[in-house]
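Chemist: Here it is, the structure in full.
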Amino acid sequence: MNPIVAVALLLVGSNAFMTVAWYGHLKHRDAAWWSVILVSWLIALPEYALQVPANRLGYSHLTGTQLKILQEAISVMVFVVFAYFYLGEVPTVRTAAAFVLIVTAVALVRG
């Protein structure tokens, strides 16, 4: 497998866990804050298990800046999917335009 594809897949998995950890509790506003923090930390643990190898592998093929911008683009993509399916938020034209700008940033820094 292409190492950049492997990095991207690890980052997608990592961001999926982190998005759930950061935003999954929004539909459970009646839960105690301490329990939300505990559950979020437990969800975030697998995120680190994917993020660290992604960064180590990625840094062999990308600069730190390229790796970070790639991660941010993936983060937004994962969040938009999460927001649509879990939070019921429909993406708008502005959402699509923002994503195009982020992808453009990835292309510019990858150059």
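Chemist: So is GLY88 within 26 Å of LYS27 (Cα to Cα), among the small types (Gly, Ala, Ser) and either in contact (Cβ under 8 Å) with a residue 40 or more places away in the chain or loosely packed, with under 14 Cβ neighbours inside 10 Å (or both) or not?
Modeler: On the way: within 26 Å of LYS27 (Cα to Cα): yes; among the small types (Gly, Ala, Ser): yes; either in contact (Cβ under 8 Å) with a residue 40 or more places away in the chain or loosely packed, with under 14 Cβ neighbours inside 10 Å (or both): yes.
For GLY88, the condition - within 26 Å of LYS27 (Cα to Cα), among the small types (Gly, Ala, Ser) and either in contact (Cβ under 8 Å) with a residue 40 or more places away in the chain or loosely packed, with under 14 Cβ neighbours inside 10 Å (or both) - is met.
Chemist: Return yes when PHE99 is buried (at least 16 other Cβ atoms within 10 Å of the Cβ), in a helix (DSSP H, G or I) and of a type in the set (Phe, Trp, Tyr) and no when it is not. Reasoning before the result, please.
Modeler: Details: buried (at least 16 other Cβ atoms within 10 Å of the Cβ): no; in a helix (DSSP H, G or I): yes; of a type in the set (Phe, Trp, Tyr): yes.
Against the criterion (buried (at least 16 other Cβ atoms within 10 Å of the Cβ), in a helix (DSSP H, G or I) and of a type in the set (Phe, Trp, Tyr)), PHE99 does not qualify.
Chemist: Considering only the stretch 46-85, state which residues are within 12 Å of VAL7 (Cα to Cα) and either of a type in the set (Lys, Arg) or in contact (Cβ under 8 Å) with a residue 60 or more places away in the chain (or both).
Modeler: Of everything in the stretch 46-85, those that are within 12 Å of VAL7 (Cα to Cα) and either of a type in the set (Lys, Arg) or in contact (Cβ under 8 Å) with a residue 60 or more places away in the chain (or both) turn out to be ARG56, LEU67, LYS68, LEU70, GLN71, ILE74.
Each row is one residue, and each column tells you yes or no for (1) in a helix (DSSP H, G or I); (2) at pLDDT 95 or above; (3) within 21 Å of ALA83 (Cβ to Cβ); (4) of a type in the set (D, E, K, R).
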{"site": "LEU10", "(1), (2), (3), (4)": "yes, yes, no, no"}
{"site": "PHE17", "(1), (2), (3), (4)": "yes, yes, yes, no"}
{"site": "TRP41", "(1), (2), (3), (4)": "yes, no, no, no"}
{"site": "ALA54", "(1), (2), (3), (4)": "yes, yes, no, no"}
{"site": "GLU72", "(1), (2), (3), (4)": "yes, no, yes, yes"}
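Chemist: Right, something else. Would you mind stating whether ARG94 is in contact (Cβ under 8 Å) with a residue 40 or more places away in the chain and more than 14 Å from the chain's Cα centre (by Cα)?
Modeler: Values: in contact (Cβ under 8 Å) with a residue 40 or more places away in the chain: no; more than 14 Å from the chain's Cα centre (by Cα): yes.
No.
Chemist: Anything in the stretch 56-66 that is surrounded by fewer than 19 Cβ atoms within 10 Å (Cβ to Cβ) and either modelled with pLDDT of 95 or more or under 17 Å from ALA16 (Cα atoms) (or both)? List them, or say none. Step through it out loud before you land on a result.
Modeler: Residues of the stretch 56-66 surrounded by fewer than 19 Cβ atoms within 10 Å (Cβ to Cβ): 56-57, 59-61, 63-66.
Matches in the stretch 56-66: ARG56, LEU57, TYR59.
Chemist: Among (1) of a type outside the set (Ser, Thr, Tyr); (2) closer than 21 Å to VAL109 by Cα; (3) surrounded by 17 or more Cβ atoms within 10 Å (Cβ to Cβ), where does GLU72 come up short?
Modeler: Just one mismatch for GLU72, condition (3).
The values are calculated or read from the model by the stated rules, or taken from the named source; none is laboratory data. Keep in mind it's a predicted model, so treat the numbers as computed, not measured. All Cβ positions, glycine included, derive from the backbone under ideal geometry; neighbour counts span all protein chains shown.
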